[in-house]
Amino acid sequence: MRAILHSEWYKLRKSKMIPLILTGPMIGLIIGLSVGFEDDFDVNKWYIALLSMNLTYALLFLPLISGIFASLICRYEHQAGGWKQLLALPVTRGRVFVAKYILIMLLIMAMQLLYLCSIYAVGMIKGYTDPFPMEIVWKSIFGGWVATFPLVALQLWMSVMFKSFAAPFAVNVIFTLPAIIVANSEQFGPYYPWVQPFFMMNIGGSTEEVFFVPWEQLVTVVGGSFMLFFIGGYLYFQRKAV
């Protein structure tokens, strides 16, 4: 598994991943710096910055960039019989799929940590004197990462299925754009994979929960959809003709 992860990382390094990882945090930084509010608000200023930054970052950029990661990690295999060359090596299909998934999740974690730095930079530049809500921010950062588990599994499934780089990206864009509308729906919002990162990063939820969503929703919706998409993609890859 370590050798497969090293190989996948080497291929991604050639895909200029650093600018992609920095895109979301930089957008969040710009949005945070542009937010203005009255000084007499009796609210921790960090909360206002975090809410405004999460609205765009979690709803749009996090799902879109995770989809790009999934497409890039399968791009080489879709070119010139890459799947045959890879699977001709002494590796199993299951380990290849798991390695690609793990690497995408590590990239997203790196992006989330950089986003945390962006949040802190906004406060330092604006001179916030309120205490930094470390617990709230960490729940937002880590919760957003956990919420991408099912989404990345679905995006990787689509990336393995489609040979074209543009096809899974187009599907991802089509389902990401309505997320703003779906997020306002109590009936469909919690079950929509592209909205789950926003719900898990939204500090408007109960701060007494493990994250910002009820534990039952975390287990049933996030955990259940992760198992569905991951197992579906895993089985599809096992049967995929190369």
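Values in this text are rule-based calculations from the coordinates and carry no lab data. If you're wondering where the values come from, they're calculated on a predicted model, not measured in any experiment. Here the Cβ is made from the backbone with ideal geometry for all residues, glycine too, and neighbour counts use every protein chain on show.
A compact table of results
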| item | result |
| --- | --- |
| FRET efficiency estimate (nearest 0.05) - Cβ-Cβ, L51 to Y236, R0 35 angstrom | 0.35 |
| Helix 62-73 axis, angle to the chain major axis (alpha carbon atoms, nearest 10°) | 20 degrees |
| Per-peptide average of other Cβ atoms within 10 Å, ordering 97-108, 184-195 highest first | 97-108, 184-195 |
| Pairs beyond 31 Å (Cα-Cα), from K11/K126; K11/K240; K45/K100; K100/K126 | K11/K126; K45/K100; K100/K126 |
| Convex hull volume per residue in cubic angstrom - Cα atoms of the range 78-184 | 153 Å³ |
| C117-Y10 FRET efficiency (beta carbon distance; Förster radius 22 Å; 0.05 resolution) | 0.25 |
| Positive-end residue, the chain charge dipole about Cα centroid, Cβ charges, pick of W138, L64, A49 | L64 |
| Computed label-point distance, nm, for sites I136 and L89 using a 7 Å Cα→Cβ extension | 4.6 nm |
| Square roots of 5 times each gyration tensor eigenvalue, C-alpha, the range 19-128, largest first, Å | 40, 12, 10 |
| The range 102-161: Rg to Rh, with Rh as the Kirkwood radius over Cα pairs | 1.13 |
| Rel. contact order, % - alpha carbon contacts under 8 angstrom, at least six apart, the range 65-206 | 34 percent |
| Contact order normalised by residue count of the range 47-147, Cα under 8 Å, 6+ apart, percent | 36 percent |
| Cα-based Rg / Dmax (Å) for the chain | 18.8, 66 |
| Pairwise centroid distance, computed over Cα atoms, of the range 165-205 with the range 212-233, Å | 14 Å |
| Residues listed by number, the range 161-187, amide nitrogen under 20 Å from T220 label point at 7 Å toward C-beta | 183-187 |
| The chain, relative contact order [Cα under 8 Å, separation at least 6], % | 28 percent |
